[in-house]
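A quick write-up on the structure given underneath.
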Amino acid sequence: MSYNSFLNKPENALRRATELNDIAQPQAALSLLHEILSSRRHKTWSPTYEKIILFYLDLCLDLGRAREAKDGLHQYRNLSQSQAPGSLEGVIRHLIEKAEKKCRDAKEAAEKGESIVKTPGSSEEKQGEQEADEDDIDLFDGNPQSILLSTMSTDPEKAQRETAVLFPALKFLWEVYRAVLDILKSNSKLERLYHGAAVAALRFCAEYKRRVEFRRLCDMMRMHLGNLTKYGGVNVVRFEDGGKNNKVRGWEGWTADSIELHLQTRFAQLETASALRLYTEGFRTVEDIYNILQISKTRRKLPGVNIPPPKAKIMAAYYEKLTNLFWVSENYLFHAFAWYKYYSLCKEYNRGMSAEMKKTQASAVLLAALCIPTTTSEKGSNGSKPLGRDAIQSTVEDDIAKEKMARMATLLGFHTTEPSREAILAE
């Protein structure tokens, strides 16, 4: 059968790819389907193309070809984004579910001491791993540190099983998350799917203790938010023609649901940062949340835009997560202020709050305030004061510390830019 017949009738290509896979030639089937998806001859979506991409992604999953899976998703996004967004959503959900299942199975196999049966395309899998992007070197590589840690493991055989069985599945799943977030970063119609994938990627980082990947994920989502803030029409009342005049492809403008979804995702990011004890990322996430709140504030000032302020329930959940972040990072001053803001919101807006709960939270606020260590200025200067160069250095350090505290107080929405132990106790 000629190549043109495959292009004219995608059904023939799908049938031929199935035959190739049945005779243990999955790589040939993958190449054939990739040519069909990347062909520029036909730009009209049909259900056959959905069957092709699903089979194509299953082959990528079996062969461990993350790069090909990403390229196939991009090709199918270009084909179906405007004509069948529901199909694109179903395909992405299919890929994520299959990749997560493979990861769970690999984890169970590694824990039980089993090995996953290789498919006939194991040689292609090795070739695909060798052709991985340079950006993935930090993940599961054989650097001296990982080798040393494996020798220090109490169970070297388990470490070897994880390297052979679990790590390839983790790597593929991580690449799937990255590809999905990149494809959906400005798609208003599939915005909930984007944030669902982001939360799933955050759970992945927390479950498998992937700190490097968590930092990359935060940087990626921060870049997406920055592009939407800069080019997404924060000051535009509405886009004409369904967002076609917008500089960001597929973005139809900021709505109340968009802002709430971004906040919910950043709350999950904040919780993951606390779980991984990455306090710097946690504080950067606080700044991201502040920027999202500023977008909401800017939108509310526009005439004809009806966007309510963030719900008190959402902000209470935010300050509740901040109490954990500041506690584990031993920032007791802002820990107390976060408790105070959480208690104030619950007391004002939670009508079902019982008297016992109010008493418990008030006690928590008081104890958090008493945990704040007293500074030298609060104790009084009974000892000798620093002189000369030491005095200048001490003054500069104090000014820097005050500037950082004022900046954090502004980001957190506290009523004062000079938070102190006396201020919280006076409340």
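The values are calculated or read from the model by the stated rules, or taken from the named source; none is laboratory data. Just so we're clear, the structure is a prediction, and the values are computed from it rather than from any experiment. When we count neighbours, we look across all protein chains shown, and the Cβ atoms used for this are built from the backbone with ideal geometry, even at glycine. To get the accessible areas, we keep the full protein, side chains included, count just its heavy atoms, and leave off ligands, DNA and RNA. Shrake-Rupley method; radii C 1.70, N 1.55, O 1.52, S 1.80 Å.
For (1) among the small types (Gly, Ala, Ser); (2) buried (at least 17 other Cβ atoms within 10 Å of the Cβ), each residue gets a yes or a no:
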| position | (1), (2) |
| --- | --- |
| Glu19 | no, no |
| Ala29 | yes, yes |
| Thr44 | no, no |
| Tyr49 | no, yes |
| Ile52 | no, yes |
| Tyr56 | no, yes |
| Leu63 | no, yes |
| Ala66 | yes, yes |
| Tyr76 | no, yes |
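Determine, yes or no, whether Val305 is touching a helix residue (DSSP H, G or I) at 6+ places or on another chain (Cβ under 6 Å), in a loop (DSSP other than H, G, I, E, B) and open to solvent by less than 70 Å² (accessible area, probe 1.4 Å).
Values: touching a helix residue (DSSP H, G or I) at 6+ places or on another chain (Cβ under 6 Å): yes; in a loop (DSSP other than H, G, I, E, B): yes; open to solvent by less than 70 Å² (accessible area, probe 1.4 Å): yes.
Yes: the conditions hold for Val305.
When you check Ile289 against the structure, is it part of a helix (DSSP H, G or I), modelled with pLDDT of 90 or more, open to solvent by less than 60 Å² (accessible area, probe 1.4 Å) and closer than 28 Å to Arg351 by Cβ, yes or no? Spelling it out, Ile289 is indeed part of a helix (DSSP H, G or I), modelled with pLDDT of 90 or more, open to solvent by less than 60 Å² (accessible area, probe 1.4 Å) and closer than 28 Å to Arg351 by Cβ. Within segment 328-341, is there a residue that is charged (D, E, K, R), at pLDDT 85 or above, within 26 Å of Leu270 (Cβ to Cβ) and in a helix (DSSP H, G or I)? Yes, that holds for at least one residue. Taking the conditions (1) modelled with pLDDT of 90 or more; (2) open to solvent by less than 10 Å² (accessible area, probe 1.4 Å); (3) touching a Ser or Thr at 6+ places or on another chain (Cβ under 9 Å) in turn, Ser80 satisfies each one other than (1). Taken over segment 95-104, the criterion of being surrounded by 13 or more Cβ atoms within 10 Å (Cβ to Cβ) and free of Cβ contacts under 8 Å to residues at least 40 places away in the same chain is satisfied by Lys101 alone.
Pairs are defined by a Cβ separation below 9 Å, a sequence spacing of at least 6 or placement on different chains, a first member in segment 306-319 that is closer than 14 Å to Tyr343 by Cβ, and a second member that is basic (Lys, Arg); the pairs so defined are Met315/Lys341; Ala316/Lys341; Tyr318/Arg266; Tyr318/Lys341; Tyr319/Lys341.
Of all residues in segment 60-76, those that are in contact (Cβ under 8 Å) with a residue 24 or more places away in the chain have Cβ atoms under 6 Å from Cβ atoms of residues that are of a type in the set (A, V, I, L, M), 6 or more apart or on another chain, in Cys60/Ala69; Ala69/Leu57; Lys70/Ala179; Gly72/Leu37; Leu73/Ala179; Leu73/Ile183; Gln75/Leu37; Tyr76/Ile53. Taken over segment 1-17, the criterion of being at pLDDT below 85 and either buried (at least 19 other Cβ atoms within 10 Å of the Cβ) or not aliphatic (A, V, I, L, M) (or both) is satisfied by Ser2, Tyr3, Asn4, Ser5, Phe6, Asn8, Lys9, Pro10.
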